[in-house]
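Just below is one structure, and these are the notes that go with it.
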Amino acid sequence: MTMQPQLITRVHVDQAKAGDGSPIGVLRFSGDITSTSRDVLFGGYAEVPATTRKLVFDFSKVEYLNSSGIALVIELLMAANKADRKVQSFGLSPHFQKVFIMVGLNKYTHLQADEATACAAFVD
Amino acid sequence: MTANGNVFCTHLRKAGIYVLTLLAWTAAITPGASAQTRTVASASVPASNALHITLGQAIVPLTGPWKFHTGDNPRWADANFNDEDWQTMDLTPPAGSVDPGLGTSGYIPGWTAKGHPEAVGYAWYRLRVYVSGDSGQLALLMPIDVDDGYQVYCNGHLLGAFGDFSVQRPRTYYGQPMIFRLPLATADETAAPGAAREIVLALRFYMKPADLIEDPTPGGLHGPPQLGSAVVAQAYYTLQRSVLARTYNLYSIPILVFLLAGLAALTLYMLDRRDRVFLWLGAAALSNVLYMTFTLSAILTTLISDRLIILRPLLLTLVLWAWLMAWYVWFDLGQMRWLRRLIYSLAALQMALQIIQAMFFGRGMNPAASFGPWDIASRAVNLLLGLVPLIILYYGWRQRKREGKWAAFALILFLLALFPRPLVWLHIPLIWFAFGVQISTRLVLELVVSLWLLLLLILRFQLSQQVQQQLQNEMHQAQQIQQTLLPEAPATLPGFHIESMYRPAAEVGGDFFQILPSTDGGLLVVIGDVSGKGLRAAMLVSLIIGTLRTLAEQDLSPGKLLEGLNRRLHKRMEGGFATCVCARITPDGKMTLANAGHLAPYLDGVEVEVPTDLPMGIITGIDYEERSYVVPPGSRLVFMTDGIVEARNKNGELYGFDRTAILARETIAEIVRTAQHFGQEDDITVVGLIREGSSAPAHI
């Protein structure tokens, strides 16, 4: 059995502007997202001001997502949904795009090609 | 050279100096020397500001009167230079003078206590000596306690140096015994037997600015140089060296014990990576070894100059950081994330401040930097770092009283070893003698801490083994429960040929599947995966299978069955979820599918397009959409869990959906074997089902 060494999860929070000038919180994930990533993920999410209604999840630097990691992303999306926040995602590999669709996450976040498309996709 | 803001090194150095000072003064009061002093008093010599000595087979401390001047001028080395207007300086210890570091007597304050409080950089001492008596070769034995480097001139000729004066700002080292043989030509200058010979000694000193804040009274000589027969001086020099070595060799004991403890801790961590306390204790012990070895190398050798000494406070911060983390983990304070952040922040800040001071402000070289805001900030952070162990101790004791007392003892000793000042307040001597050997209290503390650490490691490992054994037993029981819940394969139902393989990963995983007969003669196939692993996953699988069997008796459609399962799992998954695909197949080959976030099945190697929704256990009220298909006679359906698509090879590459689709045409044994060979990371479950009939033969 070949177990891969786990990469540290990191979240960097940026700000962008939507077409209407409203703020967008951009959460840039990197490393592996697994069961140990909870604090980092939710810590990053908490850094976005509560008044920001638009979020972009950047997965372009995520190396690996296992089922526990998917569970965390689902939880994050549920939290955003509950707070009436809209989420666009980009940077997922074709494999994880399929996984996202498989677990029905495309109902809670739209998968976009890149950051510009993701930011432009917010229509209020 | 004085320790750069560090108590440990100062005390180590001063401990050695103390013994060597005793030796020096012992040499000076030998009967021979006393007799010679009397001879000096009766000698008739030409100069008033000169020392008159008569040498036998002894060495004599040159207490003065020395002439002293701050600044630097190459002419001051000249034997004929007129130094009459220079300050006169006596190197006899003042009555009642004590070493500010150790409290020992016989200390001579430096030039900053003699009218030059701000003087740093160069300064010169000169002494005219008239030597009578034995005319053999002479040697000058320099004191070990000096600030910081010096060059020795005799009658205008450079004899040698302690420190590297070839660069603009001399490189200096911790004080060490030094001997300089006076040239034979000097001894041969004797005009007539019994007449006094004139020797002009000039000592060019360099003191770095940082000494001003690290010693109360720094500056040049803290003891008198000694002049005498080269044979005797050499004997004393050898004795000083051997005393120094003997004194510090004792420190090799705690270093070796720390090394042993560190290696043992890291080995234990390799054996059991779940207990990070071994990692941190190993890191702490080995960083201590590094720090102590570095310090001893600086004291006993000239490998480490003042340029490199900046590494020592950095190493000390590293040691402190590793120890704080070790105790933080030991006391199981993981939930106090603020404390961990505090430790990391203070350690990083301290290192950054030290590097900034060294690189940009010439800490130790630039007086302004030595007293500047960066230095004050660094000292403030150091103080805060010193308080963190007390916070750990307070919360740790509350958290784990039983084990805490053992670790608390080690922590208190460790703190005292690092910051021994409270011992002085309690009048506990830092230096004492046992059986004629000098012992440092700090050395004893280091030794006890290192041995205690070994003991703690053994206790912790025993405890860890017990817990691990208990966990293994629980896991084994969970695996047995899971195995009994999963159907035995191969199973055969009329009209269908079924085979399944389940290959768990190292831990108890969350895969599950059920193949149940329907009342209409058909089949209900359910396969799924609970996120997470271990006992919790196994218990959730038990819950799912129990619920599933209950619901299956009601002959519900796949969508309704998933809805029922989802309802019962909601709020019981603790942030996790369960994916599941459910298929009901009638005897005539009609298949109804519903999917809760699981990998779709493959029909004759083609992925079945099935609408999917969120996995179960996340939110309630999901209507899982159903879709109907036909499984022709002879066709083959393959259900699997994500252990296939998420198999990863050594390069981290996933097996992926494309390869899985191709692999789905193979036998289930081959599917499992291929995924395992590629790199199994998760449980693997594959269920193959052939609808018996007259179409082309299919293989499972």
### Query
Taking A:LEU55, is it within 16 Å of B:ALA578 (Cα to Cα), buried (at least 22 other Cβ atoms within 10 Å of the Cβ), of a type in the set (A, V, I, L, M, F, W, C) and more than 7 Å from chain B (Cβ to nearest Cβ)?
no
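Quick grid of which residues meet (1) farther than 26 Å from B:TYR269 by Cα; (2) assigned to a helix (DSSP H, G or I); (3) modelled with pLDDT of 80 or more; (4) charged (D, E, K, R):
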position	(1), (2), (3), (4)
B:ILE428	yes, no, no, no
B:TRP432	yes, no, no, no
B:LEU443	yes, yes, yes, no
B:VAL448	no, yes, yes, no
### Message
I need a count of the residues in region B:88-113 that are touching a Ser or Thr at 6+ places or on another chain (Cβ under 9 Å) and modelled with pLDDT of 85 or more.
### Response
9
### Task
Can you run down the residue pairs with Cβ atoms below 7 Å, 6 or more apart or on separate chains, where the first is in region A:113-124 and under 14 Å from A:GLY21 (Cα atoms) and the partner is modelled with pLDDT of 90 or more and of a type in the set (Lys, Arg)?
A:PHE122/A:LYS54; A:PHE122/A:LYS86
### Query
Since A:GLU63 meets every condition but one in (1) within 11 Å of chain B (Cβ to nearest Cβ); (2) in contact with a His (Cβ under 8 Å, 6 or more places away or on another chain), which condition does it not meet?
(2)
### Message
Cβ contacts < 7 Å: first residue at the interface with chain A (Cβ under 7 Å from one of its Cβ atoms), restricted to region B:647-658; second residue of a type in the set (D, E, K, R), any location; separation 6+ or different chain. Result?
### Response
B:ARG648/B:GLU681; B:GLY652/A:GLU63; B:LEU654/B:GLU646; B:LEU654/B:ARG648; B:PHE657/A:LYS98
### Message
Suppose we filter region A:41-68 for residues that are aromatic (Phe, Trp, Tyr) and either closer than 13 Å to A:GLN112 by Cα or over 12 Å from the mean Cα position of the chain (by Cα) (or both); how many remain?
### Response
3
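For region B:611-618, indicate whether the set of residues that are over 19 Å from A:VAL73 (Cβ atoms), in contact (Cβ under 8 Å) with a residue 24 or more places away in the chain and more than 9 Å from every other protein chain (Cβ to nearest Cβ) is non-empty. Walk me through how you get there before you give the answer.
In the first step, residues of region B:611-618 are kept if they are over 19 Å from A:VAL73 (Cβ atoms); the result is B:611.
From what's left, in contact (Cβ under 8 Å) with a residue 24 or more places away in the chain: none.
Taking every residue of region B:611-618 in turn, none turns out to be over 19 Å from A:VAL73 (Cβ atoms), in contact (Cβ under 8 Å) with a residue 24 or more places away in the chain and more than 9 Å from every other protein chain (Cβ to nearest Cβ).
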### Message
If I filter region B:260-280 for residues that are in contact (Cβ under 8 Å) with a residue 60 or more places away in the chain, over 18 Å from the mean Cα position of the chain (by Cα) and more than 24 Å from B:PHE331 (Cα to Cα), do I get at least one hit?
### Response
no
### Message
Of everything in region B:141-155, what is among the hydrophobic types (A, V, I, L, M, F, W, C) and more than 19 Å from B:TYR174 (Cα to Cα)? Give them in sequence order.
### Response
B:CYS154
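Give the residues of region A:73-108 that are of a type in the set (Ser, Thr, Tyr) and closer than 23 Å to B:VAL530 by Cβ, sorted by residue number. Step through it out loud before you land on a result.
Filtering region A:73-108 for residues of a type in the set (Ser, Thr, Tyr) gives A:89, A:93, A:108.
Within region A:73-108, just A:TYR108 meets the criteria.
Determine, yes or no, whether B:ALA230 is surrounded by 19 or more Cβ atoms within 10 Å (Cβ to Cβ) and farther than 24 Å from B:THR92 by Cα. Outline the logic, then answer.
Details: surrounded by 19 or more Cβ atoms within 10 Å (Cβ to Cβ): yes; farther than 24 Å from B:THR92 by Cα: no.
No: the conditions fail for B:ALA230.
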#### Entry: Residues that are outside any helix (DSSP H, G or I) and crowded, with 18+ Cβ neighbours inside 10 Å, drawn from region B:549-583
B:MET573, B:GLY576, B:PHE577, B:ALA578, B:THR579, B:CYS580, B:VAL581, B:CYS582, B:ALA583
### Task
With the condition kept exactly as written, say whether any residue in region A:69-77 is within 12 Å of the chain's Cα centre (by Cα), closer than 22 Å to B:ILE619 by Cα and more than 10 Å from chain B (Cβ to nearest Cβ).
yes
### Task
Would you kindly identify the strands (runs of 3 or more DSSP E) lying entirely within region B:584-647 that contain at least 3 residues that are modelled with pLDDT of 90 or more and surrounded by fewer than 19 Cβ atoms within 10 Å (Cβ to Cβ)?
B:626-630
## Note on the structure
Taking region A:9-50 and keeping only residues that are within 14 Å of chain B (Cβ to nearest Cβ), modelled with pLDDT under 85 and either within 29 Å of A:VAL123 (Cα to Cα) or exposed (fewer than 15 other Cβ atoms within 10 Å of the Cβ) (or both), one is left with A:THR36
### Task
Consider only pairs whose beta carbons are under 7 Å apart and that are at least six residues apart or on different chains; among these, list those whose first residue lies in region B:560-572 and is under 15 Å from B:GLY597 (Cα atoms) and whose second residue is outside any helix (DSSP H, G or I) and among the aromatic types (Phe, Trp, Tyr).
B:LEU562/B:TYR624; B:GLU563/B:TYR624
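The values are calculated or read from the model by the stated rules, or taken from the named source; none is laboratory data. This one's a predicted model, so the numbers in the text were calculated from it and none came from an experiment. For neighbour counting, all protein chains shown are included, and Cβ atoms are generated from backbone atoms with ideal geometry for every residue, glycine included.
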